[in-house]
Amino acid sequence: MSTNIPPQNLEKIIPEAEDFLPLLGTDYVELYVGNAKQAAYYYQTAWGFQIVAYAGLETGRKDSVSYVMQQDKIRLVLTSPLQPDGDINDHINAHGDGVKVIALWVDDATKSYEETIKRGAKSYLEPKVEKDKNGSVIFSGIHTYGETVHIFVERKNYNGSFLPGYMPVNKPYKTEPTGLKFIDHMVGNVGWNEMNKWCEFYAKVMGFAQLVSFDDKDISTEYTALMSKVMSNGNGRIKFPINEPAEGRKKSQIEEYIDFYNGAGVQHMALATDNIIETVSILQNRGIEFLTVPASYYETVLDRVGEIDEDLAPLKELGILIDRDDEGYLLQIFTKPILDRPTMFFEIIQRKGAQSFGKGNFKALFEAIEREQQQRGTL
Ligand code: FE2
């Protein structure tokens, strides 16, 4: 069963008085990585992000280093430890490189903390103020699935390059952007029978509403299955689909993730572009590997989705998938895992009206993932 609620109607579902956690957008996504300097080079050279800010030994930070990578509205923070012990090391040791923080931009970080804690959130960071010559920022944080956390960032009294403690970076080495604009959605993988618990967390603790749900009949192939629900905040700017594994004849791709990530965590970030053909062409030229579907997908796809603005030939050549819902269509493609562990990957998405998530592509896509699992011996 799936019910699609366009974001503009969400506000009617969550009346303003009840939107106790107004979110302005994603502030940044922080990954804990083994080698931030080299990861920064990958995100810059392959993905077209630029390094805009930095914190480390040169800024007085002794135990860790962070590079802030930006492309349009997308901000990634890559953090590595400089010492043998501590939370960052523990996180990398357990999970490999992965997302630690999904930071949310708010007007009032203290109220965001109080309202979510009152509704049952587990505290990660009590509200605190940090200052430098560019002003002050208030932070607070709560735990979500696995070891992932949400940090609320109130930055209305700050005009520095990123956050207090960071220095701006403007190196001569620049790469061409790849047309990535903003984070469309971020997907979490959780363990067996945990999807409803985490959807309830987003509903009850954070005031989100459920947009869509897919069961194992929607998302199953001959061998493997998963279940998924999409949670959205009141203004529709933040969308968090949550997946859990489902029983199939062989191992679910979600179970493979949980095995290698050693628990629940962020499975993929979907990055929006206005021109997916151009974006994916550049990314492929720079060595990013995408999942491919059989050529036969393109023989029938237009029967399924109807007329589209783009020529089919470049979509087929690049392996871009197409789906349609009541409001329009979308173009999407998924990378292979970006790490040695088969854990996190990226989706590139261009929406042309459609507000859904590509349900019509699930079967072709999961069969592509299973071919990869087969090669890894993890199916
Ligand atoms: Fe997605």
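Values in this text are rule-based calculations from the coordinates and carry no lab data. Computed from a predicted model, the values in this text were never measured in an experiment. Note that we place each Cβ from the backbone using ideal geometry, even for glycine, and neighbour counts take in every protein chain shown.
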*Applying the Karplus parametrisation 6.51 cos²θ - 1.76 cosθ + 1.60 with θ = phi - 60° to the phi angles of the range 287-292, what ³J(HN,Hα) value in whole Hz is obtained for each residue in order, glycine and proline being reported as x?*
x, 6, 9, 10, 5, 10
*Anisotropy class of the range 8-168 from Cα gyration tensor, a/c 1.5 cut*: prolate
_Whichever lysines have a C-alpha closer than 25 Å to that of K352, once near sequence neighbours (fewer than 8 apart) are set aside_ = K12, K73, K181, K229, K239, K316, K336, K363
*Over all Cα pairs of the chain, how is the pair count split among 20 Å bins, expressed in % and running from 0 up to the last occupied bin?*
28, 61, 11
*Given the options D274, D108, D340, state which has the largest fluctuation in a GNM of the chain using a 10 Å cut-off (strictly under) for Cα springs.*
D340
_Less than 16 Å apart at the alpha-carbon level, and either on another chain or at least 8 residues along: which aspartates and glutamates does that give for K122?_
E114, E147, E200
_Placing unit charges on C-beta atoms (Lys and Arg positive, Asp and Glu negative, everything else neutral), compute the dipole magnitude of the range 180-376 about its Cα centre in debye, rounded to 20._
520 debye
_Neighbour net charge for D72 - beta-carbon separation under 12 angstrom, K R +1, D E -1_ = +2
*Once label points are set 7 Å from the Cα along Cα→Cβ at both V169 and Q38, what is their separation, rounded to one decimal in nm?*
1.6 nm
*Compare the Cα positions of N193, G165, G56 along the charge dipole of the range 40-199 (+1 at Cβ of Lys, Arg; -1 at Cβ of Asp, Glu; about the Cα centre) and return the one farthest towards the positive end.*
G165
_Angle check, please: helix 36-45 long axis (alpha carbons) against the longest principal axis of the chain (alpha carbons), in degrees 0 to 90, nearest 10._
50 degrees
*Would you work out which of W47, N93, T144 lies farthest towards the positive end of the dipole of the range 8-168, given +1 charges on the beta-carbon of Lys and Arg and -1 on that of Asp and Glu, about the Cα centre?*
W47
*From the phi of every residue in the range 103-108, what ³J(HN,Hα) in whole Hz does the Karplus formula 6.51 cos²θ - 1.76 cosθ + 1.60 yield, where θ is phi - 60° and glycine or proline is x?*
8, 10, 7, 10, 7, 8
*How high is the FRET efficiency from K133 to I308, r the C-beta distance, R0 45 Å, rounded to 0.05?*
0.30
*Bin width 5 Å, alpha-carbon pairs only: give the P(r) of the range 222-379 as whole percents, running from 0 to the bin holding the largest distance.*
2, 8, 17, 22, 21, 17, 10, 3, 0
*Assuming a ≥ b ≥ c are the square roots of the Cα gyration tensor eigenvalues, decide whether the range 94-155 counts as rounded (a/c under 1.5), prolate (otherwise, with a/b larger than b/c) or oblate.*
oblate
_Angle check, please: helix 109-118 long axis (alpha carbons) against the longest principal axis of the chain (alpha carbons), in degrees 0 to 90, nearest 10._
70 degrees
*From a point 7 Å beyond the Cα of E247 in the direction of its Cβ, which residues of the range 341-373 have a backbone N at a distance under 15 Å?*
none
*Put a dot 7 Å past each Cα toward the Cβ at E372 and D107; how far apart are the dots in nm?*
4.1 nm
_Given the options L125, Y67, W105, identify the residue whose Cα lies farthest towards the positive end of the charge dipole of the range 8-168 (+1 on Cβ of Lys, Arg; -1 on Cβ of Asp, Glu)._
Y67
*Short version: ³J(HN,Hα) in whole Hz for each residue of the range 362-373, in order, from phi by Karplus 6.51 cos²θ - 1.76 cosθ + 1.60 (θ = phi - 60°), x for Gly and Pro, what are they?*
4, 4, 4, 5, 5, 5, 5, 5, 5, 4, 5, 4
*Between N235 and K336, what length comes free when the chain is fully extended (0.36 nm per residue of separation minus the Cα-Cα distance, one decimal in nm)?*
33.3 nm
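Which FRET efficiency value, to the nearest 0.05, is calculated for E200 and N159 with the Förster distance at 51 angstrom and r the Cβ-Cβ distance?
Efficiency for this residue pair is about 0.85.
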_Amide H contacts of A246 (H built 1.01 Å from N, under 5 Å, at least 5 apart or other chain)_ = A225, L226, M227
*Dipole size in debye (nearest 20) for the chain around its Cα centre, Lys and Arg Cβ +1, Asp and Glu Cβ -1?*
800 debye
_Charges at C-beta only: +1 for Lys and Arg, -1 for Asp and Glu. How large is the resulting dipole of the range 8-168 about its Cα centre, in Debye rounded to 20?_
300 debye
